[in-house]
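Reviewing the structure listed below.
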Amino acid sequence: MRSAPQKLVIAIDGPAASGKGTLARRLAGAFNLPYLDTGLLYRAVARRVLDAGGTAAQDAIAQAQSLNRVDLTRTDLRTPDVDRMASAVASIAEVRAILLDFQRDFATASGAVLDGRDIGTIVFPGAPVKLYVTASLDVRAARRHAERAASGIDTTLAAVRDDLAARDEADRTRAAAPLKPAPDAHRLDTSAMDADHAFEAAAAIVNRTLAHL
Ligand code: C5P
């Protein structure tokens, strides 16, 4: 593992439950970089909109503006209602603009690994390493269903699959920063890979890129 040059940004995007979070965390550890799960920002805004009983865009913008008071370590950010509301607030351009500064500031001091939907396209279009992580809908649904079961959330595989498909469709087709691979992203399909295999493939890509920097 080569050591990362100062301020290296590794941008990781992909649909829900593609394995990008696990991968991002491991790359951050291996290359000694801070890690930001940018989905948590949208989830934290969504949680506060739900807690306030709100549904409208204005609520989401106000909650995003108070982001520095939002607790990203809350344990109730990964529930199905937050999944849906996060995707809804993420389609609001003003909310995205507010969260953009937070994401860029995060990587300013020492670089970072960030995962999300628009890291390689909008947040850090100049990142030297971009990964676009995918897996088939069936594989992603099975993974997410197992996670839900492990955290005690009672749901069916079919319901999880339908929710993922709906969220992907919304994320891909929205006008503001839609989910799509950056033209220079390395694509990694993890459908037939376990977490170790995905990490090895991604680390090889990062090392190859660092060798040419
Ligand atoms: O990654 P995660 O599933 O936690 O993200 C929750 C939602 O937040 C996504 O469905 C997406 O709508 C939104 N999101 C986004 N841009 C990001 C990260 C997440 O729009 N960079």
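So which helices (runs of 4 or more DSSP H) are wholly in the range 25-119 and hold at least 3 residues that are closer than 28 Å to LYS7 by Cα and free of Cβ contacts under 8 Å to residues at least 40 places away in the same chain?
93-108
Consider ARG174 carefully, then state whether it is more than 17 Å from VAL206 (Cα to Cα), among the charged types (D, E, K, R), in contact with a Leu (Cβ under 9 Å, 6 or more places away or on another chain) and within 12 Å of the ligand (Cβ to nearest atom).
Here the answer is no, as ARG174 does not meet what is asked.
Within the range 27-50, identify whether any single residue is of a type in the set (Asp, Glu) and farther than 28 Å from HIS197 by Cα, and answer yes or no.
Within the range 27-50, none of the residues are of a type in the set (Asp, Glu) and farther than 28 Å from HIS197 by Cα.
Right, ASP194: free of Cβ contacts under 8 Å to residues at least 40 places away in the same chain and surrounded by fewer than 19 Cβ atoms within 10 Å (Cβ to Cβ) or not?
When the stated conditions are applied, ASP194 passes them.
Look through THR38, THR75 and report the one residue that is farther than 23 Å from LEU213 by Cα, within 16 Å of the ligand (Cβ to nearest atom), buried (at least 21 other Cβ atoms within 10 Å of the Cβ) and not charged (D, E, K, R).
THR38
Within the range 4-63, work out how many residues are among the small types (Gly, Ala, Ser) and within 26 Å of ALA202 (Cα to Cα).
13
Would a scan of the range 176-191 turn up a residue that is over 22 Å from PHE124 (Cα atoms) and touching a Pro at 6+ places or on another chain (Cβ under 9 Å)?
no
Only one residue in ALA202, ALA185, ALA142 is aliphatic (A, V, I, L, M), touching a strand residue (DSSP E or B) at 6+ places or on another chain (Cβ under 9 Å) and within 28 Å of MET85 (Cβ to Cβ), so which one is that?
ALA185
Values quoted throughout were computed directly from the atomic coordinates according to the rules given, and no laboratory measurement underlies them. In this text, all values refer to a predicted model and were calculated from it rather than measured experimentally. For neighbour counting, all protein chains shown are included, and Cβ atoms are generated from backbone atoms with ideal geometry for every residue, glycine included.
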